[in-house]
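Working notes, beginning with the structure itself.
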Amino acid sequence: MSSRVLCFVSLLLCIFPAIAFALHLPLTLTHFDANDPSRDPYQILSYLASSSLARAHHLKNPQITATATRNATATTPLFSHSYGGYSISLSFGTPPQILPFVMDTGSDFVWFPCTHRYVCKNCSFSPSSDQNVTIPSFIPKLSSSSRLVGCRNPKCSWVHHTNKTQCDECRNSLTPQNCTQACPPYFLLYGTGTTAGVALSETLNLGDRTVSNFLVGCSIFSSRQPAGIAGFGRGLPSLPTQLKLHKFSYCLISRRFDDSPSSSTLILDSTSDLDRKTNGLIYTPFIKNPIVRGKEAFQVYYYVGLRKITVGGRRVKVPRKFLSPGKNGNGGTIVDSGSTFTFMAREIFEPLAVEFVKQVKNYSRAREVEVLTGLRPCFDVKDMGKPVELPELRLHFKGGAEIALPLENYFAVVGEGVACLTVVTDGGVGGGKAVVGHSGPAIVLGSFQMQNYYVEYDLRNQRLGLKPQL
């Protein structure tokens, strides 16, 4: 892989010339349609379950190798997609080039597919297709504001999450202050996918605001990445940090609108009042991130204090050590828009699943579907002649905030009337070899569970706001 990346980088270098505000953006959902006969609903659920588990594995064991007028708000549409994510469109360059990005609160780097030579393996938008697809790319040579980030540029260390980047040419030079070596290439992992490229300084265009010298990745090789990624995590290179946002918020539209023109809105706000709360929202404070050597990515996540989980009003017996992050970084709950289904450590998931099975007496288990999808428990809910009734799932957070999830946010109906709990754990159906283990967050709250919720990340006041949208 490294030789291929270096080959692409050498080609890329030939392409470049010498080297208070809120925005409303549409948020698009990626969709699966169970009524589409060309797509196997069991395969789609299995894909989303396995990709959610792979995402949890990455989050728990992260690896990284290598001025203008301001408006009150800015927005962009947010769309949903069948690969499990939500996307926005952003405009980079001079003149502007508009590209789609997956919105990801679990990472902190912004990158786009880049150059005419961009290669992406297994990057189909459809989980049931192995065909490569054409993905729009940013073309640096068409932008007068594109510049490679130099090795001595402080932003180079943002890319690699270290102050000791490998700048051999600069370190060995007699005049290091005059060194022109470019920032080393990056190689990033995202659960089931990867990307590699070089860092650019580019202009980001947001409405009538122009943000110059924005750090963005120019990826020239990727695998299993349907679009670029806009990292909204806590790190220095993230979009909220570079824009100096006070808060950002969104409402994730229902999965029923995957791959459709329907969208909700992502709001970027850098002029909010210090302590002002948004009407109708309930808040829970962000929890201090664990600082663990070798696991710097833990500092990027949004941790919240989940106090307890109830099913049908009954408290699920969860070992206390899993609810708060320890000094070793193990335990605690994070909110991750890049995950589809919620992940729970086995010690949390098992009593949760048992409680559902114990309380559901009017439906039989659909164990064949559990094997097909990798989800459990699943219940046969067809031919009952009345609406499906399953126990309520409620999450209780610190600060008194709690949410009772709508049924469609934690059960998915698939095939001919089978409902499956959309929560994954390590070990798979029936219990197998653990693939995630106890390291990292014990719970990853995915986007499926946050459908039709207005979610506000109040960065200035360090709190998360929630409100169901009817």
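The values are calculated or read from the model by the stated rules, or taken from the named source; none is laboratory data. Since this is a predicted model, take the numbers as computed values, not measurements. Ideal geometry is used to build each Cβ from the backbone, glycine not excepted, and the neighbour counts take in all protein chains shown. All accessible areas refer to the heavy atoms of the entire protein, side chains included, with ligands and DNA or RNA removed. Shrake-Rupley method; radii C 1.70, N 1.55, O 1.52, S 1.80 Å.
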inquiry  = Filter segment 333-392 down to the residues that are among the basic types (Lys, Arg) and open to solvent by 60 Å² or more (accessible area, probe 1.4 Å) and list them by number.
reply    = 358, 361, 365, 367, 382, 386
request  = For residue 409, work out the one condition from (1) within 24 Å of residue 463 (Cα to Cα); (2) open to solvent by 10 Å² or more (accessible area, probe 1.4 Å) it doesn't fulfil.
outcome  = (2)
request  = Taking the residues in segment 189-236 that are part of a loop (DSSP other than H, G, I, E, B) and among the polar types (S, T, N, Q) as candidates, determine which candidate is surrounded by the most Cβ atoms within 10 Å (Cβ to Cβ).
outcome  = 225
inquiry  = Looking for something of a type in the set (D, E, K, R) and in contact with a helix residue (DSSP H, G or I) (Cβ under 6 Å, 6 or more places away or on another chain) - is there at least one such residue anywhere in segment 250-264?
reply    = no
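Given the criterion in the same structural domain as residue 241 (by the TED database), out of contact with any Asp or Glu (no Cβ under 6 Å at 6 or more places or on another chain), part of a strand (DSSP E or B) and crowded, with 24+ Cβ neighbours inside 10 Å, identify the matching residue among 113, 100.
Being in the same structural domain as residue 241 (by the TED database), out of contact with any Asp or Glu (no Cβ under 6 Å at 6 or more places or on another chain), part of a strand (DSSP E or B) and crowded, with 24+ Cβ neighbours inside 10 Å holds for just one of 113, 100, which is 113.
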query = In segment 284-318, which residue that is closer than 30 Å to residue 209 by Cα and not aliphatic (A, V, I, L, M) is surrounded by the most Cβ atoms within 10 Å (Cβ to Cβ)?
reply = 301
note = With criteria (1) assigned by the TED database to the domain that holds residue 203; (2) in a loop (DSSP other than H, G, I, E, B); (3) modelled with pLDDT of 90 or more, residue 280 comes up short on (1)
